[in-house]
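Below you'll find the structure, written out as C-alpha cells, and then a few comments.
The values are calculated or read from the model by the stated rules, or taken from the named source; none is laboratory data. Nothing here was measured: the structure is a model prediction, and the numbers come from that model. Don't worry about glycine lacking a Cβ; one is built from the backbone with ideal geometry, like all the others, and counts go over all protein chains shown. What goes into the accessible areas is simple: the full protein's heavy atoms, side chains included, and nothing from ligands, DNA or RNA. Shrake-Rupley method; radii C 1.70, N 1.55, O 1.52, S 1.80 Å.
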Amino acid sequence: RSTYLNSSYFDEIYHPRTALEHIRGVYPYEVSHPPLGKLILSLGIRMFGMTPFGWRFMGAVFGIAMLPLLYVFAKHIFGRTRYAAIATVLFAADNMHFSLTRISTIDSYSIFFIIAMYFFMYEYMQKNFNREKLWKTLIPLGLCGMFFALGAATKWLCLYSAVGLCVLFFYTVFQRVQEYRYAKQKEQQEITEPFTKKLVLTLLFCVVVFLIIPALVYCASYQPYASAAGGDYGLKEIWENQKYMLNYHSNLDPDTVHAYSSAAYTWPLCIRPVFFFWAQNAAPGMEGVLWCMGNPILWWGGIAAVLYLLGRRKKDSQKDRAMPLVIIAMLTGFAPWLFITREVFIYHYFAVVPFLILLIVYAEVLN
C-alpha cells in the first residue's frame, strides 16, 4: 500500500527523479527550474539511496538550518537573545515551514538563500566605508552576492529578492554620498579624499559578485545537462532553456483552475491549503492528510502586526533601522505574485514568512 513513507507525493514526482537522472548522467525530464536545487537534493540520494528518506533529507537539513540563521538575523536586528529566540520559535511553529521543508522540492534551498542574502545585506548596511576599512564592508556584501548566486541557480523566485537587494544597496550608497557631502563642508579630509576610490571599488565589486559570479555559477549548474548530452550543451542551449522556463511558467493556463490554486491576495489570510498527500482508509474508518498551509495564529498575527506598525505614531530611528529592509524583503517576496495571471499556490508565500515573523517581533519590541 502506498503511503508517504514509501512513495512520492505532490511535486516529488518531478524533483527526486531529476536528481537521480543527474546522478546517472541522464538528460532530465523536468527542466522547468534551474539545476542547482536538484543537485543539492541529489546529495541526500547519494548518501541514503533513492528512498523517501534520501530524497527528503537535504530539504529537511536546509529547513532546520533556517532556524539558527533566522536566530542570528534577529539577534543582530534586535540585540537581545529574548527577541531572537521568539522569532526562531515562531518560525519553527509555522506549519508551512514544517511541511514544505520536509517534502522533496527545491523551496527549502531557495528560501534559505533568500534569508541569508538579506541577512548579509543588513550586515553590509550597518558598515560604513567612510569610517572603516573598505575590505571590512566588502565581506558581507560578497557573502550576500554568493547566496544570491546560489539562490538564482536554484529557483527564479530568488530573482524577485534581487530587486530588494538592489534598492537597499543603492540606498546605502546614497547615505554614504550624503555623508561625503557633509564631510566636504566640514573639510574632513579623512573621509573626502578616499571617497571616490572606495565608491568605485565598491561598485566594481558589486559587478563581480552580483553579475559575473552569479552568471558563472548559473551556467556551471548546467554541467549535468552537458554531461548527459555528451558535451554538446553550451551557452546557446542554456539560453534556450531560459526561454522554455519563461514560457512554461508564464503560460500555465489561468482558465484551468487547479483545485489547490488560490489568488495571491488571499495568502496572508491563510484560507486555501495545498494538500500534498491524501490517504483514504489509512486505518479502519480513518484518512491521512498532509497539507501545506501557514499557522493561522502567526499569519493573522502578522497582519495585525503590520497594521500596528503602520499606525504607530512614535518613531525610534535606532530601533527602526532594520524595518525598511524587512518590509522590502516582504514586498519583493509577495508583490510580484499579485500581478501574475497564471495559477499560483499558497506555498509561494513561504518567502514572506520569515520576514513576517520579524515584523511580529518588531511589534512586540516597539509596543
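Listed values, structure above:
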read-out	value
Residue in segment 111-169 that is farthest from L211 (Cα to Cα), counting only those that are touching a residue at least 40 places away in the same chain (Cβ under 8 Å) and of a type in the set (K, R)	R131
Within segment 29-70, tally of residues that are in contact with a Pro (Cβ under 6 Å, 6 or more places away or on another chain) and free of Cβ contacts under 8 Å to residues at least 40 places away in the same chain	0
Segment 331-355: number of residues that are within 17 Å of D107 (Cβ to Cβ) and in a helix (DSSP H, G or I)	14
Near pairs, Cβ below 9 angstrom, 6+ apart or cross-chain, from segment 276-305 (under 12 Å from I357 (Cα atoms)) to any residue that is charged (D, E, K, R) and part of a helix (DSSP H, G or I)	A305/E364
Checklist (1) in a loop (DSSP other than H, G, I, E, B); (2) β-branched (V, I, T); (3) out of contact with any His (no Cβ under 7 Å at 6 or more places or on another chain) applied to T105, failing item	(3)
Matching residues in segment 292-307 - criterion: being more than 21 Å from the chain's Cα centre (by Cα) and either of a type outside the set (V, I, T) or surrounded by 14 or more Cβ atoms within 10 Å (Cβ to Cβ) (or both)	P296, W300, G301, A304, A305, L307
Segment 172-199 residues that are in contact (Cβ under 8 Å) with a residue 60 or more places away in the chain and open to solvent by less than 50 Å² (accessible area, probe 1.4 Å), paired with ones that are assigned to a loop (DSSP other than H, G, I, E, B) and among the hydrophobic types (A, V, I, L, M, F, W, C) (beta carbon under 6 Å, 6 or more apart)	K198/F129
Residue in segment 70-87 that is more than 20 Å from V352 (Cβ to Cβ), surrounded by 23 or more Cβ atoms within 10 Å (Cβ to Cβ) and over 16 Å from the mean Cα position of the chain (by Cα) present	no
Any chance L310 is at pLDDT below 90, aliphatic (A, V, I, L, M) and open to solvent by 50 Å² or more (accessible area, probe 1.4 Å)	yes
Answer residue from segment 317-367, given it is surrounded by fewer than 16 Cβ atoms within 10 Å (Cβ to Cβ) and of a type in the set (D, E, K, R) and is modelled with the highest pLDDT among those	E364
Residue list for segment 1-18, filter: assigned to a helix (DSSP H, G or I), at pLDDT 90 or above and under 11 Å from I106 (Cα atoms)	H15, P16
Selection status of I40, under 18 Å from the mean Cα position of the chain (by Cα), buried (at least 18 other Cβ atoms within 10 Å of the Cβ) and either within 24 Å of A149 (Cβ to Cβ) or small (G, A, S) (or both)	yes
Check on A65, of a type outside the set (V, I, T), over 16 Å from I106 (Cα atoms), assigned to a helix (DSSP H, G or I) and open to solvent by 30 Å² or more (accessible area, probe 1.4 Å)	no
Count of residues meeting criterion [of a type in the set (S, T, N, Q) and open to solvent by 40 Å² or more (accessible area, probe 1.4 Å)] in segment 203-251	5
